[in-house]
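This report concerns only the one structure given below.
What follows is calculated from the coordinates using simple rules that are stated; it is not laboratory data. All values reported here derive from a predicted model rather than from experimental measurement. Positions of Cβ are backbone-derived with ideal geometry, glycine not excepted, and every protein chain shown enters the neighbour counts.
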Amino acid sequence: MSKIIFITGATSGFGAACAKKFASKGHHLILNGRREDRLTALQEELETKYKINVLLLPFDVRKKEETFSTIENIPTAWQQIDILVNNAGLALGRDYFDEALLEDWETMIDTNLKGLLYVTKATLPFLKKEHAHIINIGSTAAKDIYEKGNVYCATKAAVDSISQAMRIDLLRHNIKVTAIHPGAAVTEFSEVRFKGDKETAKNIYNGIIPLTAEDIADTVFYCSNLPAHVCINDLTITCTRQASNVYFNRK
Ligand code: NDP
Ligand code: 8X3
């Protein structure tokens, strides 16, 4: 049976790959991100290729009023959401605590933590009663703090905590909550983190075979496709050449 999947941050990386994966299985999509041109291109591609329907919600998850008013006004036909994938997020900078920029910290907190809270709170009334699933994209950075990771790690540790809190507080509504914590994966993530410095971004993946966005989409899909009585609470996934955020087998 077709489901409705709401994915934030669907203009690239994990979010776009999740959109393609769910669309290829016949599910309808609500897609968010700030780059509207990319969302429109993805909508055209997926509606044509898979004959599914796509609703675009191009808003910035940091903007509280816009997030709530946009979600509150989604058309009636889209108001029974099966799965919310909280994926929108970013790292900005990789600097020592004393040298990091306050504005980078604020952007990460506003996006990765507050944005996820706003989207979830606004979407809850539209989650299908007794059958919904919230999937939060955390990071190995949540589990394993590394040098110069400071506030990015803190925001992802917060996603980890909030996922546990949601699972407890939403238990009475039978809502599944899954946190997925990926390690190094090639997307636009590092280019964003290093503010367009492609060389530094590329070096992050030197000598390893990193995860791909499709690996994460497959994992999200797997977690979402288990029997109704089964919920993966917490899943950490890295490439084989990564054991932690410090230990890599680079060849
Ligand atoms: P990308 O940079 O490829 O994608 C990030 C997505 O988030 C984009 O679609 C971007 O869309 C969206 N986004 C960022 N800020 C906002 C905002 N304010 N409002 C709405 N959407 C926003 O990176 P990934 O796919 O790798 O990242 C996805 C998630 O996975 C993030 O939460 C990241 O922290 C996490 N992650 C990534 C890992 C990696 O190694 N790649 C590993 C572990 C976790 P737009 O710019 O159009 O708004
Ligand atoms: C992304 C993985 O190691 O750059 O969340 O923090 S890492």
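So what's the angle, to the nearest 10 degrees on a 0 to 90 scale, between helix 150-169 and the longest Cα principal axis of the chain?
Once rounded, one gets 30 degrees.
Please list, by residue number, every one of the trypsin sites (Lys or Arg not before Pro) in region 1-98 that is coil in DSSP and has at most 16 other beta-carbon atoms within 10 Å.
Sites meeting the loop and neighbour criteria: 25, 34, 35, 51, 63.
Which of the lysines could a cross-linker bridge to residue 3, judged by Cα under 21 Å and excluding same-chain residues fewer than eight apart?
20, 21, 25, 49, 51, 121, 128, 129, 176
Relative contact order for the chain: what is it in percent, counting Cα pairs under 8 Å that are at least 6 residues apart?
Relative contact order comes out at 20 percent.
Could you give me the ³J(HN,Hα) list for region 83-99, computed from phi with Karplus coefficients 6.51, -1.76, 1.60 and θ = phi - 60°, whole Hz, x at Gly and Pro?
9, 10, 9, 7, 10, 3, x, 6, 10, 10, x, 9, 10, 4, 3, 6, 10
Any idea how far the Cα center of region 128-152 sits from the one of region 16-68, in Å?
Between the Cα centre of region 128-152 and that of region 16-68, the gap is 21 Å.
What longest range of the chain stays clear of loop-exposed chymotrypsin sites (Phe, Trp or Tyr not before Pro) (DSSP non-H/G/I/E/B, at most 14 other C-beta within 10 angstrom)?
The answer is 147-246.
When only Cα pairs under 8 Å and 6 or more residues apart are kept, what is the percent relative contact order across region 205-251?
Across region 205-251, relative contact order equals 59 percent.
Could you work out the per residue convex hull volume over the alpha carbons of region 4-237, in cubic angstrom?
Hull volume normalised by residue count: 122 Å³.
Mind checking region 132-195 for GluC sites (Glu not before Pro) that DSSP puts in a loop (not H, G, I, E or B) and that have at most 16 other Cβ atoms within 10 Å?
147, 188
Residue 198 to residue 168: FRET efficiency via 1/(1 + (r/R0)^6), r the Cβ-Cβ distance, R0 30 Å, to the nearest 0.05?
That gives a FRET efficiency of 0.10.
Find the relative contact order for region 142-251 and round it to a whole percent, using C-alpha pairs within less than 8 Å whose residues are 6+ positions apart. Before the final figure, lay out the partial values.
Details: 112 pairs, mean separation 35.0, N = 110.
So the answer I get is 32 percent.
Does anyone have the angle between helix 13-24 and the longest principal axis of the chain? Alpha-carbon axes, 0 to 90°, nearest 10?
That helix lies at roughly 30 degrees to the long axis.
Compute the angle between helix 36-50 and the longest alpha-carbon principal axis of the chain, please, reported from 0 to 90 degrees and rounded to the nearest 10.
60
I need the phi-derived Karplus couplings for region 57-70: 6.51 cos²θ - 1.76 cosθ + 1.60, θ = phi - 60°, integer Hz, Gly and Pro marked x.
10, x, 10, 8, 5, 6, 8, 4, 4, 5, 4, 5, 5, 5
Output the antiparallel fraction of DSSP beta bridges having both residues in the chain, as a percent to the nearest 5.
Expressed as a percentage, antiparallel bridges in the chain total about 5.
Cα to Cα, under 16 Å, and not fewer than 8 places away if on the same chain: which lysines meet these conditions relative to residue 148?
Those lysines meeting the cut-off are 156, 195.
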